[in-house]
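Below is one structure, written out as structure tokens, with a few remarks after it.
Taken together, the values in this text are just the output of simple stated rules run on the coordinates, not laboratory data. Being a predicted model, the structure only gives us computed values, none of them experimental. Note that we place each Cβ from the backbone using ideal geometry, even for glycine, and neighbour counts take in every protein chain shown.
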Amino acid sequence: MTTPILYIVVPCYNEEEVLPETSKRLLEKLTSLIGRGRVRDESRILFVNDGSRDRTWEMISELAGSDVHFGGVKLSRNRGHQNALLAGLMTAKGNCDCCISMDADLQDDIEAVEGMLDRYMEGCDVVYGVRSSRETDTAFKRGTAQGYYKLMKAMGVDLVYNHADYRLLSDRALESLSGYREVNLFLRGIIPLVGYQSAEVTYERAERFAGESKYPLKKMLALAFDGITSFSVKPIRWVTLLGAVILCLSMLAALTGVITALVGRSVINWTLTSVWMMGGVQLLSLGIIGEYVGKIYTEVKDRPRFIIETVKLDTGRTE
Ligand code: UDP
Ligand code: MG
């Protein structure tokens, strides 16, 4: 296989505190890769500004002006991590042989890039970065994440355990990914569906070295919920099942009511209880069905998932 062009795609939302250090470390890494002949000189580090409200875009523009290896994509507004990442990946598509996505805070060890490239050179189209431990996470984040993977598995969704959005994709995989048109984007669930030969590379996850998490609990829950309802219809089936069970139980309760009344003994008001239960089940079912109807609504509108305002990228390619 010939020496590849590598694109490193980094979504950034209000990351002015980490960008100077991140760009320095990434450029060092890329320069060393180029120097050792592992990747071609046309390789780039592509920052995607996800509608930041701080100086992030100014800094990205400066970087792009200072070194040809930096590139920037500016989204017209904040569209969230997954969409920002996709915008970067789609900009890389066609310009690179493979691309690696990672977070701006460098919590994912950039040394794993070497292993990913090795696997790519061996013929893998997808290489997942997998954390070896979660010691640096808070107990809460660790617990919820672990529970989530288990839940997704129960729902029949194929996820790579302890893998976030640190991964290598070949240009061919990017091309295939572009065929997935969904608006409710959960890349972790889509990539395994794209297929091709894949491998895993493990690394230690560090703590965020500056700034604070751009993933508050609310965003985390939204992503988790999207992951479930975009990939599995099992919740609907569970609700149906629950409805059936509750219906049987309340019928039994009604029967008990009738019999005890005939025998002439005082009864607990099972009938009322069952009405309340049914009410609860119906509300729950409606809510879940509504969730899917809402998804259909956003999907049929087929709105663009991101709008790129500016691209600052010198691909260095002539053709
Ligand atoms: N991010 C983004 N748009 C958002 C929120 C986050 O592009 O609306 C980026 C952020 O800049 C970072 C990555 O997504 O590069 C992961 O965010 P963060 O490190 O805050 O998440 P955590 O590691 O705490 O899960
Ligand atoms: Mg982080």
Cα-centred dipole magnitude for the chain, charges only on beta-carbon of K, R (+1) and D, E (-1), debye, nearest 20
1380
Calculated [θ] (222 nm, deg cm²/dmol) that DSSP helices of n ≥ 4 give over the chain, each run adding -39,500 (n - 2.57)
-16500 deg cm²/dmol
Interatomic Cα distance distribution for segment 54-111, bins of 10 angstrom, percent:
18, 50, 32, 0
Please identify, among Lys301, Lys74, Lys214, the residue showing maximal mean-square fluctuation in a Gaussian network model of the chain using a 10 angstrom Cα cutoff.
Lys301
Pick from Ile246, Ile308, Ile110 the residue whose mean-square fluctuation is largest in a GNM of the chain, springs joining Cα atoms under 10 Å.
Ile246
For a quick check: with amide H placed at 1.01 Å from N, whose amide H comes under 5 Å from Val201's, ignoring anything fewer than 5 positions away on the same chain?
Tyr128, Gly129, Val130
Anything in the chain that counts as a DSSP H helix reaching 30 Å or more along its axis (C-alpha) with Kyte-Doolittle mean of at least -1.0? List them, would you?
234-263, 270-301
Compactness of segment 191-275 - radius of gyration and Dmax, Cα, Å
25.4, 74
Computed over the chain, the ratio Rg/Rh where both radii use C-alpha atoms and Rh is Kirkwood
1.12
Go ahead and set up a Gaussian network model of the chain, Cα springs under 10 Å, then flag whichever of Thr260, Thr22, Thr202 fluctuates most.
Thr260
Say the dipole of the chain comes from +1 at the beta carbon of Lys and Arg and -1 at that of Asp and Glu; which of Ser52, Met90, Met152 then lies farthest toward its positive end?
Met152
Distance between the C-alpha centers of segment 26-47 and segment 190-226? Whole Å please.
24
With +1 at each Lys and Arg Cβ and -1 at each Asp and Glu Cβ, the charge dipole magnitude of segment 211-319 around its Cα centre, to the nearest 20 debye, comes out at 180
Pop a pseudo-label 7 angstrom from the Cα along the beta-carbon direction at both Ser76 and Asp41 and give the gap in nm to one decimal.
3.8
Where does the charge balance sit around Asn14 when Lys and Arg score +1, Asp and Glu -1, over other residues with C-beta under 10 Å from its C-beta?
-3
If you count, for each residue, the other Cβ atoms within 10 Å and average over each peptide, how do 100-107, 48-55, 233-240 line up from highest to lowest?
100-107, 48-55, 233-240
Got a sec? Charge dipole of the chain, +1 on Cβ for Lys and Arg, -1 for Asp and Glu; which of Gly143, Ile191, Ser132 is way out at the positive end?
Gly143
In Å, what is the Rg of the alpha-carbon atoms in segment 1-136, and how long is Dmax?
14.4, 43
Tell me the label-point distance for the pair Leu252, Glu62, using the 7 Å Cα-to-Cβ offset, in nm and rounded to one decimal.
7.0
Total charge dipole magnitude, segment 17-117, about the Cα centre, Cβ charges on Lys, Arg, Asp, Glu only, Debye to nearest 20:
380
Net charge, Phe225 excluded, C-beta distance under 13 Å - Lys, Arg +1, Asp, Glu -1:
+1
